[in-house]
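The values are calculated or read from the model by the stated rules, or taken from the named source; none is laboratory data. Treat the numbers as computed from the prediction; the structure is a model and nothing was measured. Here the Cβ is made from the backbone with ideal geometry for all residues, glycine too, and neighbour counts use every protein chain on show.
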Amino acid sequence: MTAGDLNLTLHGYFRSSASFRVRIALNLKGLTYQTLAHHLRRDEQRAPGYLALNPQGLVPTLIANGQAIGQSLAIIEFLEETVPAPALLPPDPLGRARVRALAQAVASDIHPLNNLRVLRYLREPLRQPEDAVRHWYQHWVAEGFAGVEQLLAGGAAGRFCHDDLPTLADVLLTVPAALAAQLRVAVHGATRSAEAHFEGLQARAVRAEEAAGARAFRGPGGRHSEERGDQGGSEEQPNARHATEHRTSHAQPAKPAR
């Protein structure tokens, strides 16, 4: 299968970090796709029409030639298998394992503790004050970043997370790393070591975005197409609105399925 054989529609939201990472992968691979936006704070992802596509009521969902695929890592692995170039996984088994481990550190360890539904549950049924919710978020993100940075320091890190080309690890790390500056302020008083972790991840995020931008952030004629929605940051992580909102397709986001 080639890129030309794929008809892709991404159901997501610009403030969803999981949708963000899928857009990065699509753009790195130079794929054309349309987006359908579902406003998470209005619970549009719980509409019956969308639940028919994704019974979990989560974004993103990729529709590939009429078939629905949920879960961001599954979507990215599908793209890697169907459009293998440019590759997001190294050619050797150990390299692939290392890249997947770095990606899972974000997808399985950092993100699930701080996504919208978890933060909502802390605020509402558990009646935790906003300071406690913020502390919860900052604690797990800071701890996760510190561990990831040590993993990066202990392996084949080059210009990117693994050698000198962007991989699945960069796709996953770009979203939280793009928040490094804000998080450093939010955890003001943390050790210099923790601040160094944030700075290192932020530098990698910039390099990954530059690589993706050079390939495919611009649409036909060099024009940009951008999702519209509330200004501000990610549903889970503030100020995550970033360059990967630019799509290779010029279709306007449609209303959620009803």
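Quick one: count up the residues across the range 96-149 that are over 21 Å from the mean Cα position of the chain (by Cα) and either in the same structural domain as Arg46 (by TED's automatic domain parsing) or not small (Gly, Ala, Ser) (or both). Summing the residues that are over 21 Å from the mean Cα position of the chain (by Cα) and either in the same structural domain as Arg46 (by TED's automatic domain parsing) or not small (Gly, Ala, Ser) (or both) in the range 96-149 gives 13. If you go through the range 54-69 and keep only what is of a type in the set (A, V, I, L, M) and buried (at least 16 other Cβ atoms within 10 Å of the Cβ), you end up with Leu58, Val59, Leu62, Ile63, Ala64, Ile69. With respect to (1) in contact with a Lys or Arg (Cβ under 8 Å, 6 or more places away or on another chain); (2) among the small types (Gly, Ala, Ser); (3) outside any loop (DSSP other than H, G, I, E, B), the lone exception for Ala142 is condition (1).
Apart from one condition, Asp109 fits all of (1) of a type outside the set (A, V, I, L, M); (2) buried (at least 16 other Cβ atoms within 10 Å of the Cβ); (3) in contact with a helix residue (DSSP H, G or I) (Cβ under 6 Å, 6 or more places away or on another chain); the exception is (2). Ser72 - would you say it is polar (S, T, N, Q) and buried (at least 19 other Cβ atoms within 10 Å of the Cβ)? Considered against the rule, which asks whether it is polar (S, T, N, Q) and buried (at least 19 other Cβ atoms within 10 Å of the Cβ), Ser72 comes out as yes. Counting only strands (runs of 3 or more DSSP E) that sit completely within the range 6-116, zero hold 2 or more residues that are in contact with a Phe, Trp or Tyr (Cβ under 7 Å, 6 or more places away or on another chain) and modelled with pLDDT under 95.
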